[in-house]
Amino acid sequence: MPENEKKQCMVIFQPSGRRGNVDEGINLKQASRLLGVDIEGICGDAGTCGKCKVRIEDGFFQKYGVESKRSNLSPLTESEKDVINTHMESEGYRLACQAKVLGDVVVFVPEESRMGKQIVRKAATERKFDIKPAVRKYYVKLTPASLHDALGDWERLQSELNKQFGLTNLSIDYPTLLSLQENVRKGEWAVTISIWMGKEVIRVEPGLVEKGYGFAVDIGTTTVAGYLCELATGTIAATESMMNPQVIYGEDVMSRITYCMVHEDGLQRLNEAIIKGLNDLAGRAAAQAHLKRSDITDMVLVGNTCMHHLVLNLPPQYIGRSPFAPAVHHSVNVKARDMGIKLSPGAYVHVLPILAGFVGADTAGVLIAEAPYEHDEMQLVIDIGTNGELVLGNSKRLATCSCATGPALEGAEIKFGMRAAPGAIEKIKIDKETKEARFKIIGMDEWNTELAEVGAKGICGSAIIDVVPELYIAGIIDHTGRFRKDVNTQRLRNTDDGPEFVIAWAKETSIGQDIVICQKDVRNIQLAKAALYAGGKIMMRRLGVEKLDKVVLAGAFGSHIDKESAACLAIFPDCDMSKVYSVGNAAGDGARIALLNIDKREEADRVSRQVEHVELTLEADFEKMFGQAMWLPHMKDDFPHIKHLLPEKPKMKIAKGYA
Ligand code: FES
């Protein structure tokens with residue numbers, strides 16, 4: 001290395017995944033700026049505000065080929081010692097503005113240190129269902145114990161619950177029993193009792209407490225969304241979301257399964273990461289509603305099969321290989337405390353059932369939220385996520401499959417991809433004639449062309465679904481997804497890594513560089529859309545369905561997807577556009593419904609056992625159908641309902657094997 005050249009160190013920021021080589025000796029805050037990661041700070045990097053705390057991950061990260069060590073940073077400075085206590089230090093926390101890079105490091109930026117917190121796009125939608133929660137409250141007045149009547153408090157309570165509410169055969173949770181006498185006396189012999197499933201007393205509160213709360217959580221591979229609900233009314237008291245903290249161990253389910261298989265403590269690390277994340281999420285949701293986490297007496301979780309196993313601390317390796325058998329199909333009830341989840345001490349966690357293989361509890365949530373089994377029309381429900389899950393059917397028959405879409409549609413593995421946060425481009429339009437791009441960023445109603453200051457940072461999922469069909473319709477990429485060479489616009493340029501198209505010029509961004517879509521991005525988006533399309537087609541064939549009556553698009557950004565973009569990208573086969581709906585986070589809605597209605601929990605178990613599972617990898621022609629679906633919009637299929645939006649189909653010679 002020439003003398004004046006500095007040693008280069010690899011710095012990887014999580015959960016954004018932004019990474020790059022930086023000069024040895026710069027601090028992590030400077031590195032974050034260079035790599036387009038925004039870390040909080042209000043003291044001008046003086047090391048006094050403590051807002052730029054980050055956590056250094058220890059160990060070898062196979063995915064990046066990097067050995068991350070705390071000793072690859074300069075020692076703790078005096079100002080850090082004032083802000084980072086010994087416990088935090090032992091957990092690997094540092095101030096980004098103080099820690100200098102001396103070697104390779106993986107740096108986790110906690111939610112509170114991220115500038116521009118993530119926007120909750122997994123917003124709960126309005127759905128009608130009866131309220132019949134698992135946990136109900138009962139207000140009971142007891143006759144005070146006396147020398148003539150020294151019956152035990154528990155027996156006294158049981159008898160009163162029987163007399164007033166006809167409740168029999170009750171048991172009491174042990175920690176609840178421990179505080180029973182104190183609470184009864186604190187309430188002067190009047191208490192509010194929380195009873196789970198009509199059989200177990202799980203909380204005793206002094207006096208009258210009218211409201212009880214539950215927390216419904218959708219654990220996505222990339223995003224986790226939680227809904228804090230009032231159990232008696234179903235009212236949503238708070239909505240919170242976070243990045244799944246497991247992303248540092250792998251962006252998709254297979255890489256997380258592999259992590260568990262090759263590291264002795266892999267499962268423990270992944271389990272602890274999500275449990276800690278859920279505790280934080282519940283704490284934030286409770287604080288938002290001016291409550292304590294201990295006020296939450298019930299919880300429902302949904303997630304794909306891998307997330308389900310990891311949160312329950314079940315080894316995921318058997319679901320990662322044939323015959324893909326999970327540890328349990330049926331729904332599970334576990335004490336929250338046994339999982340390390342810190343709610344009301346007696347609270348239970350209900351985990352919805354798994355359908356099959358990789359079709360997990362999130363699809364069970366989608367099923368009870370959309371209930372295709374209650375209708376005659378043939379409906380395709382697509383839950384778009386890092387792991388795409390599809391349900392096709394009606395009141396007569398239901399089929400499901402899962403496909404590895406990869407994280408591209410959620411903004412990961414896209415050069416300038418980002419989560420749905422302030423500054424993210426959420427909508428893109430490209431003019432067919434001039435090839436000029438316009439975009440909207442989250443939080444702004446105007447297009448970039450109408451703003452004096454734009455400040456784009458990256459591209460999030462909904463715009464990622466826009467961009468490929470827009471490039472295709474504008475004639476900038478061809479049917480195969482390749483950038484065309486005969487297009488005359490300064491936005492299309494060649495680089496050492498291949499062609500790229502500029503969406504936002506550097507002056508329109510807050511990261512000081514052009515935001516582009518490159519050839520690899522287009523390919524990743526094609527791979528994701530082809531997997532979903534081929535999955536849908538194979539299920540249609542299995543059920544003997546010629547045409548779809550209805551398409552429901554669900555997912556982390558479902559309510560923000562432009563359904564015409566999704567149709568032109570050909571995520572699903574042709575359908576009347578008036579029968580295509582974006583419903584938002586149906587899996588999360590399903591979790592909320594199960595939290596508030598125990599009959600729906602039973603329904604989820606029952607319907608999950610009736611669904612036919614289609615294992616795509618066992619279909620002999622899956623590869624061929626996938627290859628056909630890689631084309632824009634498709635190599636062979638027609639789309640009469642969106643024909644007016646698409647360019648003329650060229651006469652092309654189709655390679656042997658794909659026809
Ligand atoms: S920016 Fe204030 S402590 Fe780092």
- request: Please work out whether segment 557-640 counts as rounded, prolate or oblate from its C-alpha gyration tensor, where a ≥ b ≥ c are the square roots of the eigenvalues and a/c under 1.5 means rounded, while otherwise a/b larger than b/c means prolate and anything else oblate?
  value: oblate
- prompt: If contacts are Cα pairs under 8 angstrom and at least 6 residues apart, what is the relative contact order of segment 171-330 in percent?
  reply: 20 percent
- prompt: Once every DSSP H run of n ≥ 4 in the chain is given -39500 (n - 2.57) and the sum is divided by its residues, what mean residue ellipticity at 222 nm do you get, rounded to the nearest 500 deg cm²/dmol?
  reply: -8000 deg cm²/dmol
- request: Enumerate the residues in segment 448-483 having an amide nitrogen under 19 Å from the point lying 7 Å beyond the Cα of Lys643 toward its Cβ.
  value: 473
- prompt: Want the number for Glu272 to Ala190: 0.36 nm per residue separation, take away the alpha-carbon distance, what's left?
  reply: 25.6 nm
- prompt: Among Met635, Phe416, Ile56, which residue has its Cα positioned farthest towards the positive end of the charge dipole of the chain, with +1 placed on the Cβ of Lys and Arg, -1 on the Cβ of Asp and Glu, and the dipole taken about the Cα centre?
  reply: Met635
Relative contact order computed over the chain (Cα-Cα under 8 Å; 6+ residues apart), in percent: 12 percent
statement: Quick shape check on segment 373-659: root eigenvalues a ≥ b ≥ c of the Cα gyration tensor, a/c under 1.5 is rounded, otherwise prolate if a/b tops b/c, else oblate, and it reads oblate
Gain on full stretching of the segment that runs from Asn85 to Asp376 - 0.36 nm per residue minus C-alpha separation: 98.6 nm
message: On a 27 Å Cα-Cα criterion, which of the cross-link pairs Lys427/Lys624; Lys427/Lys520; Lys427/Lys550 come out too long?
response: Lys427/Lys624
message: Quick check on my link table: of Lys579/Lys649; Lys547/Lys636; Lys7/Lys507; Lys163/Lys335; Lys579/Lys643, which ones sit more than 20 Å apart, alpha carbon to alpha carbon?
response: Lys579/Lys649; Lys7/Lys507; Lys163/Lys335
Entries of Lys132/Lys440; Lys63/Lys485; Lys137/Lys276 with Cα pairs more than 30 Å apart: Lys132/Lys440; Lys63/Lys485
- line: Given a Förster distance of 60 Å, the FRET efficiency implied by the Cβ-Cβ spacing of Ala145 and Glu67, rounded to the nearest 0.05, works out to 0.40
message: For the pair His263/Tyr138, report the inter-label distance in nm, with labels modelled 7 Å from Cα in the Cβ direction.
response: 4.7 nm
task: Sort 495-505, 271-281, 582-592 for me by packing, meaning the mean count of neighbouring Cβ atoms within 10 Å per residue, highest on top.
output: 582-592, 271-281, 495-505
message: Which one, Leu532, Ala96, Ala325, projects farthest toward the positive side of the charge dipole computed for the chain from Cβ point charges (K/R +1, D/E -1)?
response: Leu532
task: Quote to one decimal, in nm, the extra length available between Lys415 and Asn169 on full extension: 0.36 nm per residue of separation minus the C-alpha distance between them.
output: 82.6 nm
- prompt: What ranking, highest mean first, results for peptides 346-353, 19-26 when packing means the other Cβ atoms within 10 Å averaged over each residue?
  reply: 346-353, 19-26
- request: Could you tell me which of Met625, Gln490, Ile382 has its Cα farthest along the dipole of segment 373-659 towards the positive end, charges placed at Cβ (Lys, Arg +1; Asp, Glu -1), taken about the Cα centre?
  value: Met625
statement: Quick calc: nm separation of the 7 Å Cα→Cβ label points for His479 and Leu451 -> 3.8 nm
- line: Per the C-alpha gyration tensor (a ≥ b ≥ c, the square roots of its eigenvalues), the chain is rounded if a/c is under 1.5, else prolate if a/b beats b/c, else oblate; here it's oblate
task: Give the cross-link partners of Lys128 among the aspartates and glutamates, using a straight C-alpha distance below 12 Å as the criterion and excluding same-chain residues fewer than 8 apart.
output: Glu370, Asp589
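All of the numbers you see were taken from the coordinates with simple rules; none came from a lab. Being a predicted model, the structure only gives us computed values, none of them experimental. Note that we place each Cβ from the backbone using ideal geometry, even for glycine, and neighbour counts take in every protein chain shown.
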